[in-house]
Ligand SMILES: Cc1cc2nc3c(=O)[nH]c(=O)nc-3n(C[C@H](O)[C@H](O)[C@H](O)COP(=O)(O)O)c2cc1C
Ligand code: SF4
Ligand code: FES
């Protein structure tokens with residue numbers, strides 16, 4: 001988590017001319033969230049979610065633009081972005097598979113599910129497939145323990161998994 | 001005695017009264033038809049302090065894990081001044097094995113929203129944030145819909161039917177988390193709400209005095225607030241007819257376990273799910289009755305009875321009469337009732353593996369501020385992984401216990417309760433299943449090369 005330091009101090013930031021934080025996104029954020037909080041900084045999480053929704057991850061340039069928009073330092077926004085599991089500061093696959101690894105799922109044989117997915121995708125947890133279609137993650141309890149073992153594929157929950165049915169679920173993810 | 005009619009699950013079909021498959025979203029209109037928002041209207045005509053007195057009289061204790069009396073928390077607020085005051089609803093629900101709040105969020109959100117509005121009225125809080133964990137995607141959409149319905153029907157917003165609260169029109173906003181267990185801790189939640197990393201704050205000052213945006217803030221769990229409309233509509237005395245009172249003759253200062261409680265069951269049972277019971281129900285009845293007993297061909301061995309942080313209860317203890325109430329900790333040597341969501345562990349699952357799973361969880365979720373939590377949880381994970389592989393030694397067992405017990409708030413060196421959870425989870429598993437741990441450490445899988453040959457450690461003296 002937060003205290004895993006990253007070599008961002010020496011990293012070159014890839015830049016493009018076109019801003020990530022378009023006027024349209026800014027307008028949406030201002031209209032939806034600005035009145036909700038007494039500070040602009042409190043819009044950090046909605047802003048990060050919004051950027052990620054558009055681009056799949058959080059490019060550094062986008063964080064700089066976001067920080068300027070919120071009137072905070074880029075490092076402050078980066079601090080928030082790197083703390084949370086759902087924010088990706090590196091590109092990821094088109095779809096993200098999140099397999100729950102907590103106790104109820106382990107009791108219900110999550111290990112076999114993880115193995116089946118690793119075999120099917122040819123990657124280990126934490127990795128992305130070569131065709132950039134899937135990023136495979138293990139997570140802690142996703143609050144669907146009654147349907148253990150379970151996983152999220154992007155925002156969709158799949159419960160009562162078996163090594164036999166996970167393959168079919170992944171096949172349904174659009175290219 | 002089994003609960004005759006559901007309270008919190010009145011509109012959420014649940015065995016034995018209904019079928020899980022019939023659960024569906026109850027919108028504003030359907031909710032309002034069945035007495036919905038009647039409690040709010042009643043409260044709107046009351047003095048705020050009388051609402052707090054009623055909740056105090058009900059002795060409603062927090063359902064988020066710690067069991068702190070809600071009415072008492074509400075009375076810690078300072079007097080009104082010019083500034084804003086906040087309510088943060090804790091829908092982070094990230095304790096492993098816990099999935100109770102999400103049922104209310106998905107199916108009966110207006111019961112939660114009504115509780116929120118009453119709390120805002122009672123405590124004079126003008127703005128409420130519903131902090132929902134990032135992974136609850138569907139739930140988030142459903143709750144947004146319910147909030148929109150509430151605005152349409154003037155529960156919140158300009159010209160709200162409860163009038164101005166703290167001189168402002170009341171508002172409820174959803175705030176989405178992004179995957180961090182520690183944001184369930186109340187001050188971690190506040191930091192996250194402010195747009196920062198979820199680092200718990202040193203207390204005091206307590207949130208009631210200086211919380212979100214340095215203003216007075218009340219934090220309550222979803223289920224706690226969902227109880228409030230029932231308390232207010234039917235009265236504290238009615239509500240206290242459920243659950244378990246004080247032992248005979250105990251003074252009123254002894255905290256009791258009134259009311260019903262949502263209890264999730266998951267793991268090796270035939271019908272996992274979230275049920276409603278009176279506090280004080282026997283664990284074994286929850287498992288064998290509601291959840292229809294162990295999966296075919298399995299024998300049960302242990303339970304995480306309230307999320308992993310409360311520790312474990314063994315099958316022998318369960319058979320000897322463990323009751324699910326706020327006294328479970330004192331009576332059965334664990335940290336407490338927690339979330340009352342149970343993981344059922346069958347005989348064939350190793351307790352060493354369960355302990356390793358818990359240690360990994362804490363090492364992954366520790367926010368890293370306090371040394372003994374950050375380092376200790378990593379170390380526990382390493383030790384337990386080593387033991388599980390068969391490379392542990394007897395000495396590791398003592399080290400494990402010593403390490404775990406140095407991590408809690410009893411030594412007094414941590415900022416929040418996460419490392420207490422780690423301490424209790426690991427210690428109760430090791431102590432209650434000592435035999436399993438001893439068995440893995442007494443049979444090392446590899447012979448140490450260092451002691452072969454002449455018995456001198458390799459490299460000694462070199
Ligand atoms: C590490 C940690 C995680 C917590 N996670 C949650 C949670 O996910 N949901 C929750 O309601 N309370 C959680 N709590 C308890 C909260 O800090 C707080 O006590 C609770 O939300 C208060 O509400 P209540 O009094 O209505 O129970 C957590 C506490 C700790 C120490
Ligand atoms: S006890 Fe652990 S989780 Fe809590 S504040 Fe300290 S380091 Fe963070
Ligand atoms: S333990 Fe896997 S969803 Fe809760």
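Under 19 Å from a label point set 7 Å out along the Cα-to-Cβ vector of residue A:28, no amide N atom of the stretch A:118-135 is found. To the nearest Å, what is the center-to-center distance of the stretch B:243-293 and the stretch A:78-141, using C-alpha atoms only? Centre-to-centre distance over Cα atoms comes out at 35 Å.
Full-extension gain between residue B:168 and residue B:41, please, as 0.36 nm times their residue separation minus the C-alpha to C-alpha distance. All intermediate terms of the calculation are to be shown ahead of the outcome.
Numbers: separation 127, 0.36 × 127 = 45.72 nm, distance 1.83 nm.
Length difference between fully extended and current span is 43.9 nm.
The P(r) of the stretch B:301-380 has a tail past 15 Å containing 59 percent of all C-alpha pairs.
When every alpha-carbon pair in the stretch B:47-139 is counted, what percent end up more than 20 Å apart?
Values: 1769 of 4278 pairs.
Everything past 20 Å amounts to 41 percent.
Taking a label point 7 Å from the Cα of residue B:32 along the Cα→Cβ vector, which residues of the stretch B:155-187 have an amide N closer than 14 Å to it? Counting only backbone N, you get B:155-156, B:160-162.
Cα-based Rg of the stretch B:202-257 per 2.2 N^0.38 Å, rounded to two decimals? Please report the intermediate quantities before stating the final value.
Numbers: Rg = 15.8 Å, N = 56, 2.2 N^0.38 = 10.2 Å.
For the stretch B:202-257, the normalised Cα radius of gyration comes out at 1.55.
Averaged over the residues of A:103-115, the number of partner chain Cβ atoms lying within 10 Å of the residue Cβ comes to 6. The long axis of helix A:44-55 is offset from the longest Cα principal axis of chain A by roughly 70 degrees. The spacing between the stretch B:327-356 and the stretch B:122-171, judged by their C-alpha centroids, is 36 Å. Judged by the mean number of other Cβ atoms found within 10 Å, the most tightly packed of the peptides B:370-377, B:246-253 leads the ranking B:370-377, B:246-253. Computed from the C-beta positions of residue A:164 and residue A:39, the FRET efficiency with R₀ = 56 Å rounds to 0.65. Between the beta carbons of residue B:203 and residue A:171, assuming R0 = 45 Å, the FRET efficiency works out to 0.35 to the nearest 0.05. For the pair residue B:19 and residue B:246, a Förster radius of 56 Å applied to the C-beta separation gives a FRET efficiency near 0.95, rounded to the nearest 0.05. Placing one equal scatterer on every Cα of the stretch B:171-324 and applying the Debye formula, the log10 ratio I(q)/I(0) at q = 0.11 Å⁻¹ is -0.65.
What's the Kirkwood radius of the stretch B:139-232 in Å, using all Cα pairs? Intermediate values should be presented prior to the final figure.
On the way: mean 1/r = 0.0663 Å⁻¹.
So the Kirkwood estimate lands at 15.1 Å.
Between helix A:60-70 and chain A there is an angle of about 50 degrees, using the helix long axis and the longest principal axis of the Cα atoms.
I'd like to compare B:77-84, B:13-20, B:258-265: which one has the highest average count of other Cβ atoms within 10 Å, and what's the full order after that? Could the numbers behind the result be given before it?
On the way: B:77-84: 11.6, B:13-20: 14.5, B:258-265: 25.5.
Top of the packing list down: B:258-265, B:13-20, B:77-84.
Summary of packing: across the peptides A:164-175, A:48-59, A:140-151, the per-residue average of other C-beta atoms within 10 Å ranks them, highest first, as A:140-151, A:48-59, A:164-175. DSSP assigns beta bridges within chain B; of those with both partners inside it, close to 50 percent run antiparallel. Fraction of C-alpha pairs exceeding 24 angstrom in the stretch A:34-175: 40 percent, rounded to a whole number.
How shielded is A:41-53 by partner chains, expressed as the average number of their Cβ atoms within 10 Å of its Cβ atoms?
Details: counts 4, 9, 1, 5, 10, 4, 1, 2, 4, 0, 0, 1, 0.
Across the residues of A:41-53, the mean count of other-chain Cβ atoms within 10 Å is 3.
Please compute the Kirkwood hydrodynamic radius over the stretch A:70-146, one decimal place, Å, based on all pairs of different Cα atoms. Please report the intermediate quantities before stating the final value.
Values: mean 1/r = 0.0709 Å⁻¹.
The Cα-based Kirkwood calculation yields 14.1 Å.
Taking every DSSP bridge with both residues inside the protein assembly as shown, close to 50 percent are antiparallel.
The C-alpha atoms of chain B define a longest principal axis, and helix B:109-123 lies at about 70 degrees to it. Restricting the calculation to Cα atoms, every distinct pair contributes to the Kirkwood radius of chain B, found to be 23.3 Å. When a/c reaches 1.5 or more, the comparison of a/b and b/c decides; with that in mind, is the stretch B:305-446 rounded, prolate or oblate per its Cα gyration tensor? Oblate. Global size of the protein assembly as shown: 24.9, 89 Å for Rg and Dmax (C-alpha atoms, Rg to one decimal, Dmax whole). Partner shielding of B:192-204 amounts to 5, given as the average count of beta-carbon atoms from other chains within 10 Å of each residue beta-carbon.
Every number here is computed from the coordinates shown, using simple stated rules; none is lab data. Quick caveat: nothing in here was measured; it's all calculated off a predicted structure. For neighbour counting, all protein chains shown are included, and Cβ atoms are generated from backbone atoms with ideal geometry for every residue, glycine included.
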